[in-house]
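Enquirer: This is the structure I want to talk about, given as C-alpha cells.
The values are calculated or read from the model by the stated rules, or taken from the named source; none is laboratory data. Predicted model only: the values in this text are computed from it and were never measured. All Cβ positions, even for glycine, are placed from backbone atoms using ideal geometry, and neighbour counts span all protein chains on display.
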Amino acid sequence: MQSITSSLFRFEEREGRRYAFHCPYINKRFHGLDDNPYPFPNDDEELVRLDELQFIIRALYGRTVLVPLPRHRPTMVFDAGTGTGRWAIETALQFPKAYVIGMDISPVQPTDVPENCEFRYGDITDCLDDFDDGYYDFVHSRYIFSLISHRDSCVRFVMLGIKDAQWMPYIESLYRMLKPGGWIQAGEMCQPTWEGNDVPAGSYYQRV
C-alpha cells in the first residue's frame, strides 16, 4: 500500500481525457503504478461513468450488498478496487456497525465520508499481502477482470485491474483475508455486444 505520494498524481492529458501516468508500452495507461494494466482514465467523465455503473447495479439487484451481512454487530468490510468509493460509502451508510475500507490505485475518492469508511491507495496485484489473514467478515470485488463477446466473434478478455495470470492469486488473497464463515461478493462482467439497436427485447441489457 501507499500513502498519497507524488507518483499517484502523475496525471497527463491526452485527447481531452486525463490519465494517471502514461507508460510508453503500446496502449498501456497507468494510474501512477508502472505494472498495473488498468486501461481507463481517471478524469471527471470516467468518475461519472463509474458512479452510474454503481447506480445501474443497485437498480438491477435492488441493493448493494447481496450477502447476509449482519446490520447490528461490528463487521469489517474490504472493497478491492473501490474506484470512486461509491459502493464503500453506500455500504458504510447502510451498515453503520461495519467498518469499510476501500482500496484503489488512484486517489479520486471524496474526502467527506462516513466515520466508518476510509480509503487507502495501492495495487491489488501486489498490496493484498499487507493485509492480515482472517481479518475481514466481507470482501467486495467488482469489474476487476472482464469478458467481452460478440455474437459473430470469439470471446476476448479485457484486462481491467489485473492480468489473466493474476486472477487466481488475487482470488486466493481475498479468501485468505476472510474470517472463517466470511463472504466474498465478486461480480465480473461478460459483456455481449450487438450491431446498432439489436439488443434482445426483454433482456436486462434493454432495461438498463
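Enquirer: Out of all the residues in region 127-149, is one or more within 15 Å of residue 101 (Cβ to Cβ), modelled with pLDDT under 85, buried (at least 18 other Cβ atoms within 10 Å of the Cβ) and among the aliphatic types (A, V, I, L, M)?
Expert: No.
One line per residue, one yes/no per condition, for (1) aromatic (Phe, Trp, Tyr); (2) under 13 Å from the mean Cα position of the chain (by Cα); (3) closer than 29 Å to residue 43 by Cβ:
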residue: 75; (1), (2), (3): no, no, no
residue: 80; (1), (2), (3): no, yes, yes
residue: 83; (1), (2), (3): no, yes, yes
residue: 87; (1), (2), (3): yes, yes, yes
residue: 90; (1), (2), (3): no, no, yes
residue: 95; (1), (2), (3): yes, no, no
residue: 103; (1), (2), (3): no, yes, yes
residue: 113; (1), (2), (3): no, no, yes
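Enquirer: Here's a follow-up. If you scan region 92-128, which residues turn out to be closer than 15 Å to residue 170 by Cα and of a type in the set (Gly, Ala, Ser)?
Expert: The one that is closer than 15 Å to residue 170 by Cα and of a type in the set (Gly, Ala, Ser): 122.
Matching residues to (1) in a strand (DSSP E or B); (2) at pLDDT below 80; (3) crowded, with 19+ Cβ neighbours inside 10 Å:
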| site | (1), (2), (3) |
| --- | --- |
| 82 | no, no, yes |
| 91 | no, no, yes |
| 153 | no, yes, no |
| 161 | no, yes, yes |
| 171 | no, no, no |
| 175 | no, no, no |
| 181 | yes, no, no |
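Enquirer: Next question. Kindly provide the set of residues from region 93-116 that are among the aliphatic types (A, V, I, L, M) and buried (at least 18 other Cβ atoms within 10 Å of the Cβ), ordered by number.
Expert: 98, 100, 101, 103, 105, 108
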